[in-house]
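Have a look at the structure below, then the notes.
The values are calculated or read from the model by the stated rules, or taken from the named source; none is laboratory data. Quick caveat: nothing in here was measured; it's all calculated off a predicted structure. Here the Cβ is made from the backbone with ideal geometry for all residues, glycine too, and neighbour counts use every protein chain on show. These accessible areas exclude ligands, DNA and RNA; they are computed on the full protein's heavy atoms, side chains included. Shrake-Rupley method; radii C 1.70, N 1.55, O 1.52, S 1.80 Å.
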Amino acid sequence: MNEAALPQSTVHIAQADPDGILLVIHAGAGNRGKKDTPERRAQVEQDLNRALEAGYALLEQGAPAEDAVCAAIRVMEDAPEFNAGRGAALTSEGIVSMDSCLMTGVDGEVGSACGLTTSKNPINVARAIKEKTKHVMFAKPGNDLLKEWGIELCDSEYFITPARQESLREAQSNGDEWEKHGTIGAVARDAEGNIAAGTSTGGITNQMHGRVGDSPLPGCGTFANQSTVAVSCTGIGEAFIKVVAAHQVSDRVRFSGENVEDAATATLDEVAAHHGDGGMIVLPAVGRGVVAYNSEMMNFGYRSAQGGKVQG
């Protein structure tokens, strides 16, 4: 693909004091699609606002950035509109396979999980791995271990919604298309100026058994470095993995001196060159946050002392 053919990125700036508290969230990027309705869009915006309220309230109380990130993500995981937790996409076998990642910039610590099938809130699993183990990533941790970590478990019926069953039937009948409906994520800066990033996803409708996307891979779909940025991505995971998207944004800021907006859009150009689209939310330790996407749309929201915005 030549550079002239790359899709142009849309950028929104999350206004805030340069070192003030700020929460930015996303709930997927892609095309509107035939299932988009005013009612569904209103529900998405309502759930985005609820997620912002849950996370930002903690920042106002002085809680660390990772608390706000997890609180916002849990709200979205519980909302069936989004492709995570309750509304996770179904694999080719008709089950969920959920991934998550949480990373804190101040210490570079990270927890990641993939292939989850029973965890009500996958972001809690990522946090447990980060805080309760000496490891970084677990694949399909067993229920006994999840219970030991204090994770709430649900039967498979909780995750399998009629809407996702219909999506799977359509994908298997009409060909393997990239259906985009809502990987979720959050980045936050707390009162101490520390930043964190988290991402949670159900993957892709009709994905092969065992497939893992970018979301749980540190540096690909999720990354945080106190000297640069916190990043959470959404879109065609394979393309984000190939360009190590989240870490590339950090490197562009750190080594090339690019501002956050330019670093995000240049990285999305790299994603597009690998036949992928999607978006990302990016937050520096000092400065404004950025929402950038090269797809038709992106669900996102942000909140700071200066106000906020939601787009569903």
Exercise for the section: List the relative contact order of segment 1-118 as a percent without decimals, with contacts defined as Cα pairs under 8 Å and 6+ residues apart. Expected result: 16
Problem - Extended-chain gain in nm, criterion 0.36 nm per residue less alpha-carbon gap, Lys134 and Arg169 - result: 8.5 nm
Exercise for the section: Report the relative contact order of the chain, percent, no decimals, based on alpha-carbon pairs under 8 angstrom and at least 6 residues apart. Expected result: 28
Problem - Full-stretch length increase - Glu93, Asn49 - with 0.36 nm per residue and alpha-carbon distance subtracted - result: 12.5 nm
Problem - Value of [θ]222 nm, deg cm²/dmol, for the chain, DSSP H segments ≥ 4, -39500 (n - 2.57) each, nearest 500 - result: -10000 deg cm²/dmol
Handout entry: Distance (nanometres) between label positions extended 7 Å along Cα→Cβ at Phe255 and Lys35
Key = 4.0
Completion exercise
In debye to the nearest 20, the charge dipole size for segment 162-312, taken about the Cα centre with +1 at each Lys and Arg Cβ and -1 at each Asp and Glu Cβ, equals 400
Fill in the blank from the handout: Expected field for Tyr158, accessible surface area in Å² at 1.4 Å probe radius, rounded to 10, holds 60
Exercise for the section: Treating only the Cβ atoms of Lys and Arg (+1) and Asp and Glu (-1) as charged, compute the dipole magnitude of the chain about its Cα centre; round to the nearest 20 debye. Expected result: 220
Problem - Student exercise, segment 12-163 dipole from Lys, Arg, Asp, Glu Cβ charges, in Debye to nearest 20 - result: 440
Completion exercise
For segment 41-198 the mean separation of alpha carbon contacts under 8 Å (6+ apart) over residue count, i.e. relative contact order in percent, is 29
Exercise for the section: Could you tell me the number of lysine pairs in the chain with C-alpha atoms less than 20 Å from each other, where the two lysines are 8 or more residues apart or belong to different chains? Expected result: 12
Completion exercise
Among Ala245, Ala57, Ala224, the residue with the largest mean-square fluctuation in a Gaussian network model of the chain built from Cα contacts under 10 Å is Ala57
Handout entry: Label corresponding to semi-axes √(5λ) of the Cα gyration tensor in Å when calculated from the structure given, among (i) 34, 21, 19; (ii) 26, 23, 18; (iii) 51, 26, 18
Key = (ii)
Problem - Accessible area of the chain divided out per residue, in Å², using a probe of 1.4 angstrom - result: 40
Handout entry: Accessible carbon and sulfur surface of the chain relative to its total accessible area, %, 1.4 Å
Key = 46
Exercise for the section: Multiply the residue gap between Ala42 and Lys147 by 0.36 nm, knock off their C-alpha separation, and tell me the result in nm, one decimal place. Expected result: 34.2 nm
